[in-house]
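So the structure is just underneath, and the comments pick up after that.
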Amino acid sequence: MRVFAISDLHVDYPENLRWVEELSFFDYRDDLLILAGDISDLVPLFRKTLKLMTSKFNRVAFIPGNHDLWVRRNRISDSIKKYNIVEKVALDCYVETKVFNAGGVTVLPVHGWYDNSFGDPCSRVRSIWKDYTHCAWPDSYELGDINNYFDSKNIYDLPEPEDNLKISFSHFLPRIDLMPSFIPADKRILYPLLGSKSIEGHVRSIKPSIHVYGHSHVNRSVKKEGVKYVNNAFGYPHEYRITAKCLKKIHEI
Ligand SMILES: [Fe+2]
Ligand SMILES: [Fe+2]
């Protein structure tokens with residue numbers, strides 16, 4: 001069994017959807033795919049993509065990204081309801097959304113949301129970041145409550161074989177020092193919206209060999225304190241310099 005990772009498919013772009021459609025139906029039949037969020041905000045397209053992936057891979061593990069929880073183009077009142085719909089579609093498509101063991105590997109999703117623990121977003125970022133207008137939260141919610149809601153989903157009560165390799169994954173970044181030094185200053189204003197330190201708290205208690213993350217659209221593989229952190233976002237079509245636009249094999253048994 002091989003384990004592949006990808007995130008940020010953003011299949012609203014026809015060329016991105018075409019790439020998913022053109023993946024082999026035969027080459028990955030014994031393999032596991034970790035899909036780390038941001039497929040599409042449109043439920044039919046989201047469902048179509050999950051179905052395509054489960055028809056090609058033996059097992060598919062998924063965690064929602066912020067785009068998957070956008071409600072603006074749906075008749076759904078808030079992003080908590082959207083999360084429940086996304087979760088149900090994933091289950092309907094036989095996609096794993098909770099911790100599971102497969103062929104010597106334990107796969108552990110780590111939920112979360114950005115919560116200003118990487119810094120405070122400036123007024124310019126607040127005016128351009130689409131989550132502020134495309135997500136909707138219950139009236140009583142403040143930013144920390146969003147992360148707390150998703151953090152409460154991090155339940156790891158499945159007994160795992162002792163010699164299993166542990167692979168955790170999140171959509172958002174567990175630590176901001178995963179961003180490479182070449183990122184220009186005008187892009188760094190987005191850093192407060194990239195992740196949460198609470199995700200890293202779960203990574204440290206899980207102690208995985210590998211942690212897969214998405215969201216930044218900056219492909220990277222870097223080892224920090226014994227954990228290999230991997231980003232293999234597919235990204236937007238114009239992001240050809242920071243994304244490889246292919247599956248990344250992260251483990252093989
Ligand atoms: Fe994305
Ligand atoms: Fe994202």
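The values are calculated or read from the model by the stated rules, or taken from the named source; none is laboratory data. Worth saying up front: this structure is predicted, and the values here are computed from it rather than measured. All Cβ positions, even for glycine, are placed from backbone atoms using ideal geometry, and neighbour counts span all protein chains on display. Surface areas here come from the heavy atoms of the whole protein model, side chains and all, with no ligands, DNA or RNA. Shrake-Rupley method; radii C 1.70, N 1.55, O 1.52, S 1.80 Å.
Below is a table of values for the structure above.
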| read-out | value |
| --- | --- |
| Residue-span extension gain [Glu22 to Ala244] - 0.36 nm each, minus C-alpha spacing | 78.3 nm |
| Percent accessible area from carbon and sulfur atoms, the stretch 55-107, protein chains only, probe 1.4 Å | 51 |
| Orientation-averaged projected area, Cα convex hull of the stretch 77-148 (nm²) | 6.8 |
| Computed [θ] at 222 nm, helices only, for the chain once each DSSP H run of length n ≥ 4 contributes -39500 (n - 2.57) | -7500 deg cm²/dmol |
| Fully extended contour minus Cα-Cα distance, from Ser221 to Ala185, at 0.36 nm per residue | 10.8 nm |
| The chain - charge dipole about Cα centre, Lys and Arg +1 at Cβ, Asp and Glu -1, debye rounded to 20 | 460 |
| Inter-label distance for Asp12 and Leu45, nm, one decimal - labels placed 7 Å from Cα along Cα-to-Cβ | 0.6 |
| Alpha-carbon Debye profile of the stretch 32-166, log10 I(q)/I(0) at 0.16, 0.19 Å⁻¹ | -0.89, -1.15 |
| Label-point gap, in nm, between Met1 and Lys81 - each point 7 angstrom along Cα→Cβ | 3.7 |
| Solvent-accessible heavy-atom area per residue, rounded to whole Å², over the stretch 103-253 at 1.4 Å | 49 |
| Charge dipole magnitude, Cβ of K and R +1, D and E -1 - the stretch 145-228, Cα centre, debye nearest 20 | 380 |
| Under 11 Å, Cβ to Cβ, from Cys135 - net charge with Lys/Arg +1 and Asp/Glu -1 | -1 |
| Gap separating the Cα centres of the stretch 1-43 and the stretch 160-221, nearest whole Å | 20 |
| 27 Å Cα-Cα threshold exceeded, pairs from Lys81/Lys248; Lys153/Lys207; Lys98/Lys187; Lys166/Lys224 | Lys81/Lys248; Lys98/Lys187 |
| Interatomic Cα distance distribution for the chain, bins of 5 angstrom, percent | 1, 6, 14, 19, 21, 18, 13, 6, 2, 0 |
